[in-house]
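Engineer: Okay, here's the structure, questions in a sec.
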Amino acid sequence: MLGYVDLDGLIRGKYATSAKLKSWQEKGGAFCSVVLGWDSRDALYQNRHTGWHTGYHDDPIRVVPGPGRVMPGDGRRFHLVEYADGPGAALCPRRLAGRVLDETRAMAFTALAGFEYEFYVFRETPASALAKGYRGLTPLNPTTGGYSVQRMAVEDGFFSGLMALARQLETPLEAIHPEAGEGAMEFAFTPSEPLEGADRAAIFKAFSRAWGNQNGLSLCYMAKPLNGLPGCGGHTHLSLWQGEQSAFYDPDGEGGLSQTARHFIAGQLKYMPELLALYAPTINSFTRLAPGFWAPTGATWGFDNRTCSLRVVGDSAKSIRVEMRPPAADANPYLVLAAALASGLQGIREGLDPGPAVKGNGYEADLPPERRFPASLAEAAARLRGSDMARAWFGDAFTDHFATSREAEVAAQRAWVSDWELNRYFEMI
């Protein structure tokens, strides 16, 4: 099986014979450009790269080098593909992350990344959830039980099954546990080279959903599927290194932070609001970013402070890192990686200072206007389109194309009559 990770983080692909795979590995292949011109529900949107005006041409692609991942079942292998050089490469999320990592190395750094995801599990199939209108779904657990050993013992087949799936796919998990909320879960991948980490995240999310469906469950990575409960984060941990030495650690610095780390944090803070569409890419993402629900509401930083956007974690050269908390579980891991890393590196280039760390409740921090998050996907898309930093790091083609894709998402939502509107206005207005 061959798969390409699109702008929304969905894997689009096809089954292929071993002969076809070998040909693509040796000579490259081609993929219909429509995957760069439709949304997560296969609805087309107007853009410059592809459309009726181009005849939905083929773009050249290449197989990511390596042996692939062993799929569940009979041992067939899954191989990622990415856009080869050409206009499609400018829009390809994996190629974009690769370019940012090239720039990281050009600045004499390497990076280490760790992704972690929150999600909800329901005793539903896709068909049964659709039939219920995605309301009144039966969660895996009838009540909340954050970190509950009892929950893990009762549902051992679920937890051990997911861990076994991760081992088979070579997307190893450090841990998985129940979170606060009925059916809420969280897992963390082992830290790795950043592009490998993003590969693992994209692959495991897709195959874990398939594994769940095969076992009568639905694993939901939506940013916020349930009212009144916390949403689902896709937190990303990053650190920079120079050889075997941590570039983030200074035993004499506040909290063990080096000046390089402070510049990195400051860059992430400065550019976070204008890059928010890459961290919160859906309409639903913005329902998660609310006070009191374990998600940040503005660009803040602190030491081991989960009310902040950036949480500095660790107390040694080996462990110190920055956790980026705004990304939702529905975000594309390659784009999260590219945005988080590029903004931090830009902070190093500019020699920025993050100011004092937040102590206490970050939701109560008095933020200047430039540190406040856009309130909607429409506003976030506009901020991204107008970002000089995004254009410098990601290119005009990508910045305009991704902003256009988010504007199309907003247009689709505006044309839809929601349950909330019907409940509020149908009878009394």
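The values are calculated or read from the model by the stated rules, or taken from the named source; none is laboratory data. These numbers were taken from a predicted model, which means no experiment stands behind them. Heads up, the Cβs are rebuilt from the backbone with ideal geometry, glycines too, and the neighbour counts pull from every protein chain shown. In case anyone asks, the SASA skips ligands and DNA or RNA and just uses the protein heavy atoms, side chains included. Shrake-Rupley method; radii C 1.70, N 1.55, O 1.52, S 1.80 Å.
Engineer: When the helices in the chain are scored as -39500 (n - 2.57) per DSSP H run of 4 or longer and the sum is shared across all residues, what 222 nm value do you end up with, to the nearest 500 deg cm²/dmol?
Structural biologist: One gets -11000 deg cm²/dmol as the mean residue ellipticity at 222 nm.
Engineer: A further question follows. Per the 1.4 Å probe, what fraction of the accessible area of the chain, in percent, lies on carbon and sulfur atoms?
Structural biologist: On the chain, the fraction of accessible area on carbon and sulfur atoms equals 54 percent.
Engineer: Taking the structure as given and computing percent of Cα pairs over 43 Å apart, which label from (1) 24; (2) 9; (3) 20 fits?
Structural biologist: (2)
Engineer: Give me the lysines in straight-line cross-link reach of LYS22: C-alpha distance below 26 Å, same-chain residues under 8 apart excluded.
Structural biologist: LYS14
Engineer: If r is the Cβ-Cβ distance from TRP52 to THR190 and R0 is 51 Å, what FRET efficiency results, to the nearest 0.05? Don't jump to the answer; show the numbers that get you there.
Structural biologist: On the way: r = 45 Å, r/R0 = 0.88.
The formula returns an efficiency of 0.70 here.
Engineer: Next up: Going by amide H atoms built from the backbone, whose H comes under 5 Å of the H on TYR249, apart from near neighbours?
Structural biologist: Counting only residues 5 or more places away or on other chains, the set is SER258.
Engineer: Straight-line reach from LYS270: which lysines have Cα under 25 Å away, leaving out those fewer than 8 places along the same chain?
Structural biologist: Candidates past the 8-residue exclusion: LYS359.
Engineer: Still on this structure, I have one more. Which cross-chain or sequence-distant (5 or more) residues have an amide H under 5 Å from the amide H of ARG77, H modelled 1.01 Å from N in plane?
Structural biologist: Amide H to amide H, under 5 Å and 5 or more residues apart or across chains, ARG77 pairs with MET71.
Engineer: Provide, in order from the shortest bin, the percent of all Cα-Cα pairs of segment 315-408 in each 5 Å bin, continuing until the bin that contains the maximum pair distance.
Structural biologist: So the P(r) values, bin by bin, are 2, 10, 16, 23, 22, 15, 8, 4, 1, 0.
Engineer: Taking every pair of distinct Cα atoms and averaging 1/r, then inverting, what Kirkwood hydrodynamic radius in Å comes out for segment 16-136?
Structural biologist: Evaluated over segment 16-136, this radius sits at 18.1 Å.
Engineer: Which ³J(HN,Hα) values in Hz, rounded to whole numbers, follow from the phi angles of segment 363-373 under the Karplus curve 6.51 cos²θ - 1.76 cosθ + 1.60, where θ = phi - 60° and Gly and Pro get x?
Structural biologist: Once θ is set to phi - 60°, the couplings for segment 363-373 become 5, 9, 5, 8, 9, x, x, 6, 9, 7, 6 Hz.
Engineer: Ordering PHE426, PHE303 by how much accessible area each has at a 1.4 Å probe, largest first, what is the list? Could the numbers behind the result be given before it?
Structural biologist: Working: PHE426 165, PHE303 65 Å².
Order by accessible area, largest first: PHE426, PHE303.
Engineer: A follow-up question, please. Can you send over the solvent-accessible area of LYS132, 1.4 Å probe, protein chains only, in Å² to the nearest 10?
Structural biologist: For LYS132, solvent-accessible area is about 90 Å².
Engineer: Would you mind getting the accessible area per residue of segment 101-420, heavy atoms of the protein chains only, 1.4 Å probe, in Å²?
Structural biologist: For segment 101-420, the solvent-accessible area averages 40 Å² per residue.
Engineer: Then there is this: What residue among ASP252, ASP58, ASP199 shows peak mean-square fluctuation when the chain is described by a Gaussian network model with Cα springs under 10 Å?
Structural biologist: Taking springs between Cα atoms under 10 Å, the residue moving most is ASP252.
Engineer: I need the phi-derived Karplus couplings for segment 421-429: 6.51 cos²θ - 1.76 cosθ + 1.60, θ = phi - 60°, integer Hz, Gly and Pro marked x.
Structural biologist: 5, 4, 5, 7, 10, 4, 8, 9, 8
Engineer: Can you work out ³J(HN,Hα) from phi for every residue in segment 15-22, in order, using Karplus 6.51 cos²θ - 1.76 cosθ + 1.60 and θ = phi - 60°, giving whole Hz and x for Gly and Pro?
Structural biologist: Those phi angles translate into 6, 9, 6, 4, 5, 5, 4, 4 Hz.
Engineer: For a quick check of understanding: with a 1.4 angstrom probe and all protein chains in place, what accessible area in square angstrom does SER316 have, to the nearest ten?
Structural biologist: In the full protein context, SER316 sits at about 40 Å².
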